[in-house]
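Down below is the structure, laid out as structure tokens.
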């Protein structure tokens, strides 16, 4: 399967997600058009979309980002696919193992919360959060900071917790900024 075809399928999935959202909002058949440089919704006559199985197969055969994006679609039941959190988990795991930072962060959440049939596992969650944090995912940096500060999933280490919290705050995460502002370090 060519990269152009895969990209076309995934682009189509994103457009379908947008149209699904617009349908829920407007009860009409929308399409994106330009209006003075701003996207607006306008009715269209018809559209053809790939089946959920075709979209999933395209993601599996594509890049880690393709699998991550399809995982988002399955997680939320958007993009022409039904909500299926276990399929989302599988796609996120595949992307995370290949180093996709946002997928690593999501896997951390799945383990921390015990989603998709997983047992809650703070240590496994922290492993994934740390990988994502090292790649710049700000929310993962915050989660790693809390794991170190509270000793949940990682050995308690106030100095490392403060360091990660400051990094998340410097990267603009409001929660981290508020946490740092309220501390007497």
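The distance between label points at residue 57 and residue 183 comes to 5.1 nm (points 7 Å beyond Cα on the Cα→Cβ vector). Which residues does a label at residue 85 reach in segment 99-118, if reach means a backbone N under 16 Å from a point 7 Å past the Cα toward the Cβ? Under 16 Å, as judged by backbone N against the label point of residue 85, lie 106-118 of segment 99-118. FRET efficiency for the pair residue 163 and residue 123, taken as 1/(1 + (r/R0)^6) with r the Cβ-Cβ distance and R0 = 25 Å, rounds to 0.80. Computed over Cα pairs, the Kirkwood radius of segment 106-185 leads via Stokes-Einstein (0.890 mPa s, 25 °C) to a diffusion coefficient of 199 µm² per second.
Model label points for residue 98 and residue 135, set 7 angstrom from Cα along the Cα-to-Cβ axis, are 1.1 nm apart.
Rule-based calculations on the coordinates, nothing more; no lab input. This one's a predicted model, so the numbers in the text were calculated from it and none came from an experiment. Cβ coordinates were reconstructed from backbone atoms using ideal geometry, including for glycine residues, and neighbour counts include every protein chain displayed.
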